[in-house]
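Structure below; questions to follow.
The values are calculated or read from the model by the stated rules, or taken from the named source; none is laboratory data. For clarity, every value in this text was computed on a predicted model and none was experimentally measured. Note: ideal-geometry Cβ built from the backbone for every residue, glycine included; neighbour counts use all protein chains shown.
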Amino acid sequence: MEKLDLTTPNFTDENIQKLSELFPNCVTEDSNGKTIDFDTLKQELSSNIVKGSKERYQLTWPGKAESLVVANTPINKTLRPVREESKDFDNTENLYIEGDNLEVLKLLQETYLGKVKMIYIDPPYNTGKDFVYKDNFTQDKAEYDEESGNVDDEGGRLVSNPDSNGRYHSDWLSMMYPRLKLARNLLKENGVLFLSIGIEELSNSEKILNEVFGSENKVAIVSRVAKTASNLGSHFASSMDYVVTYAKDIRSLPAFKGKVDETLYKKIEKDGEKSGERYRDDIAFYQSSQKDLRPNQKYFVECPDGSMVIPPCSIQDEVMREGDGRWRWSKDTFLKKQELIVFKETKTSPLVDENGNKSKYNLYTKSYLSERQKKGTLPRDFITDYINRQGADLIKKLGIKFDFSKPTGLIKHLYEIQQDNHNDIILDFFSGSATTAHAVMQLNAEDGGNRKFIMVQIPEAIDEKSEAYKANYKTIAEIGKERIRRAGEKIKAENADKEGIEDLDTGFRVLKVDSSNMKDVHFSPDNTSQDDMFDLASNIKDDRADEDLLFMVLLDWGIDLSVKIERREVAGKTVYFADDNFLAACFEENLDENFVKALVVQQPLKVVLRDSGFASSSVKINVEQIFKQADIEVKVI
C-alpha cells in the first residue's frame, strides 16, 4: 500500500517535464538526474549560433549548432502545382512533392502539423561517399579538421591517426538532424516514425532520434534480413539492415498487433458453442522460462486419472519459493477457463505429482483462431519475410529498370501492425522509387481503406551509365512518378472484380518547390528604389499562374494541399473554391462592388484577392466593409 506523499510539489521537475514535451532535445542528464541543457534551449530560441562550453552527456558533432539554426530558419519558397505531370489532379488526395525535403518539410509545417500517422524513410545509408543532400553546413575535409581539432591554427596535425570518416558522419548527422526535427512536428500524438538504416549509421540514428524524440519514445530497433545471397564484407557477409522505430508520444501509441499464423490452427472443434472453429492445443500451460515469483500461479491441477500435478518445484505444495515453476494463469483464471485445458500423456512431461514423481501428463491450452485474430499477436523485432530482392523484382515487373527499391511488403507490414482507422496520412520524404506510395495503394485495394500518401523526392540525377537513364529517366523523381502511375493501373487491373475498386485513388498531385511567387519588394520593401516603382505595380512575379497563387494561399492558411478545388464564374470573374466554400480565391483585375456582392452570395468562410486587383482605392475600402458585414475573413496578396 502506497503512502501519502506529504511533500510539496517539485516544480523544477514539473517544469523540466513541460519543457521536455516542447523541446525533447533540450533535456539531458547530470549527476542529479534529468536537467535542461540551457545552451541548446537558447539555441532553440535564437536565430544565431549559441556556443556553450560546459561539458555534459550529449550527442555533438562539428556543425550541430548550425544545423539547428537551419532547422529553425524560415525560407521564402513555395510549392507550385504541375498538372501535366500529375494523375487525376482534380480528384486525387495524394501528393508527390519534388524538391529538397528540408525545404518541403518547412513548407508543410503549417498545413500538416500533427496530422501524419506514419512516417517511413529510407535515407542515404552513408558509406563515406558524397550524398545528394548538400546543405550549406556540410563541410569539406579542411573545415572539418579545423573545427574538430585535428589540426592547429597553422594547419599542422594534432593527432597522428585522425578518423578519416568523421567528417562523413558529421555531414550525415547535420543533414538528418533538421529534417527529423521538422518531421516530428508533423506526426500525430499517436504517430510513429520508421527509419530504415544500415549498420554505418545505426548507432548515430539511435542517438539523434533519442535527442529529437526523447529516449522514452523509442519503440524498438528491428533487424531485417535484407539479403540472403550477399558476399560483400570483410569478415561477415552483409545481410542485415535495421528499422529504427520511434513514437511521437509512446503513451498515445497503441500496442502493435501482428498477423496470426493461421497454419498453426489445424484442428476443428467438434462440440460445444465453438463447434466448427479452427484451434490449436499445443501451447504449454507450464513454460520453464517463467520463473518470477507469483504465489497465485503455483497450485495443483487434477488430471484425468485423479492424480495431482504441479510445475517442477522444490517442495510439492502451493507455497511459491525462489526457483519454483509456475502456471501461465492464476488459479482464478484457471477455474474460469479450465475447459480450455488439454491433458496429453507423455513420457517427457516436466510436471511432477503430489509426491514429487514425474507426471505422465503434460498440460496445454486451446487457442481458437477467431479469438486470436481479434487480439492479434506481438510482431517480432526480427523481420525475415521482406528481402530487397522482392522490391527489385516488383519494380521490374512494372517495366522500370531500377536497382534500389524497398519491398512494398515491408512498408505494408509496418503499417498493418498499427491499429489504424484506414484514413491515415503516410509520409515518406526520402521516397526514391515511391515504394511507400505503391504500398499505400495496395493496402487500400486490399481492405477498402482511404489512406493518403505524401511522397517527397529531390530531383536527383540518375547515373548516365545506368539502365534507367538509358530508358530515358533523367531523375529519381521521374522514376517515382512513373512507378505510381504503372502500379496504380496494375493494382486496379488485378482487383477488377472487387466492389468499389474503380474508386481507388491511384492519382497524385505533383507539386514542385520553387522560389516565392512574390517579388523581392514584398519581403524587403526598404531595398526598393523609386526607379523600380513602375516595374512593381504588382508584387507578384509575372510568370506565376493563378493556381500557383492558390497553392501559396493554401500553404499560408494551413489548408490541406489535396483539398478539392473547383472553378466557378462569379460576375464574370474566375474564382477558385477550395474545400467546398471554405476558401474562395480570385486573382483577376478590376474587381468592383458588384463582383464582391455576388461572391458573398456564395457564402465562403475565407476570401483571398489580389492586392492590385481592385478597380480603385475607393472600391477596396467598400469591399472591405462588405466582407466585414457578411462576417467573411478576407486577405490580399
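Tell me yes or no: at least one residue of the range 145-152 is modelled with pLDDT under 95, loosely packed, with under 15 Cβ neighbours inside 10 Å and on the phi < 0 side of the Ramachandran plot.
Within the range 145-152, the subset modelled with pLDDT under 95 is 145-152.
Within this subset, residues satisfying the condition of being loosely packed, with under 15 Cβ neighbours inside 10 Å are 149, 152.
Now narrow it down to the ones that are on the phi < 0 side of the Ramachandran plot: 152.
Scanning the range 145-152 turns up at least one residue that is modelled with pLDDT under 95, loosely packed, with under 15 Cβ neighbours inside 10 Å and on the phi < 0 side of the Ramachandran plot.
Looking only at residues in the range 1-45 that are surrounded by fewer than 13 Cβ atoms within 10 Å (Cβ to Cβ) and at pLDDT 80 or above, which one is farthest from Ser215 (Cα to Cα)?
So, considering only residues that are surrounded by fewer than 13 Cβ atoms within 10 Å (Cβ to Cβ) and at pLDDT 80 or above, the one farthest from Ser215 (Cα to Cα) is Leu45.
Also, I was wondering about something else. Could you tell me whether Ala445 is of a type in the set (Gly, Ala, Ser), surrounded by fewer than 22 Cβ atoms within 10 Å (Cβ to Cβ) and without any contact (Cβ under 8 Å) to a residue 40 or more places away in the chain?
Numbers: of a type in the set (Gly, Ala, Ser): yes; surrounded by fewer than 22 Cβ atoms within 10 Å (Cβ to Cβ): yes; without any contact (Cβ under 8 Å) to a residue 40 or more places away in the chain: no.
In short, no.
Given the range 539-637, what helices (runs of 4 or more DSSP H) lie entirely inside it while holding 1 or more residues that are of a type in the set (Lys, Arg)?
593-601, 617-629
Please work out which residue is modelled with the lowest pLDDT, limiting yourself to the range 508-527 and to residues that are surrounded by fewer than 20 Cβ atoms within 10 Å (Cβ to Cβ) and part of a loop (DSSP other than H, G, I, E, B).
Restricting attention to the range 508-527, the residues satisfying the condition of being surrounded by fewer than 20 Cβ atoms within 10 Å (Cβ to Cβ) are 512, 514-516, 518-527.
If we keep only those that are part of a loop (DSSP other than H, G, I, E, B) too, we end up with 516, 519, 524.
Details: Ser516: 92, Lys519: 87, Ser524: 51.
The extreme case among them is Ser524.
Looking at (1) touching a residue at least 12 places away in the same chain (Cβ under 8 Å); (2) not in a helix (DSSP H, G or I), which is the only condition Asn296 fails?
(2)
Scan the range 90-113 and give yes if some residue there is more than 24 Å from the chain's Cα centre (by Cα) and at pLDDT below 95, otherwise no.
No: the range 90-113 contains no residue that is more than 24 Å from the chain's Cα centre (by Cα) and at pLDDT below 95.
Can you tell me which residues in the range 215-267 are among the hydroxyl-bearing types (Ser, Thr, Tyr) and either under 19 Å from Leu378 (Cβ atoms) or in a helix (DSSP H, G or I) (or both)?
Passing the criteria: Ser215, Ser223, Tyr242, Thr245, Tyr246, Ser252, Thr263, Tyr265.
Show the residue pairs meeting these rules: Cβ distance below 6 Å; 6+ apart or different chains; first residue within the range 261-282 and in the same structural domain as Arg328 (by TED's automatic domain parsing); second residue surrounded by fewer than 11 Cβ atoms within 10 Å (Cβ to Cβ).
Once the first residue is in the same structural domain as Arg328 (by TED's automatic domain parsing) and sits in the range 261-282, its partners that are surrounded by fewer than 11 Cβ atoms within 10 Å (Cβ to Cβ) give Glu269/Ser275.
Same structure, new question: Those residues that are in a strand (DSSP E or B) and surrounded by 13 or more Cβ atoms within 10 Å (Cβ to Cβ), I need them from the range 268-283; list them, please.
Arg278, Tyr279, Arg280, Asp281, Asp282, Ile283
Which number in (1) modelled with pLDDT under 95; (2) closer than 29 Å to Lys266 by Cα; (3) in a loop (DSSP other than H, G, I, E, B) marks the one condition that Ser349 misses?
So the condition that Ser349 fails would be (1).
Also, quick follow-up: Can you tell me which of (1) in contact with a Pro (Cβ under 7 Å, 6 or more places away or on another chain); (2) in the same structural domain as Ala226 (by TED's automatic domain parsing) is the one Ile400 doesn't meet?
Tallying (1) in contact with a Pro (Cβ under 7 Å, 6 or more places away or on another chain); (2) in the same structural domain as Ala226 (by TED's automatic domain parsing), Ile400 fails exactly one: (1).
I'm trying to understand the selection: among the residues of the range 169-214, which are small (Gly, Ala, Ser) and outside any loop (DSSP other than H, G, I, E, B)? Walk me through it before giving the result.
First, the residues of the range 169-214 that are small (Gly, Ala, Ser): 170, 174, 183, 191, 196, 198, 203, 205, 214.
Within the range 169-214, Ser170, Ser174, Ala183, Gly191, Ser196, Ser203, Ser205 qualify.
Of the conditions (1) assigned to a loop (DSSP other than H, G, I, E, B); (2) surrounded by fewer than 24 Cβ atoms within 10 Å (Cβ to Cβ), Lys374 clears all except one; give me its number.
If we test Lys374 against (1) assigned to a loop (DSSP other than H, G, I, E, B); (2) surrounded by fewer than 24 Cβ atoms within 10 Å (Cβ to Cβ), just (1) comes out false.
Would you check if there is a residue in the range 396-404 being assigned to a loop (DSSP other than H, G, I, E, B), surrounded by 14 or more Cβ atoms within 10 Å (Cβ to Cβ) and more than 27 Å from the chain's Cα centre (by Cα)?
yes
Restricting the search to the range 350-359, which residues are touching a residue at least 40 places away in the same chain (Cβ under 8 Å) and touching a strand residue (DSSP E or B) at 6+ places or on another chain (Cβ under 8 Å)?
Within the range 350-359, Pro350, Leu351, Val352, Asp353, Glu354, Ser359 qualify.
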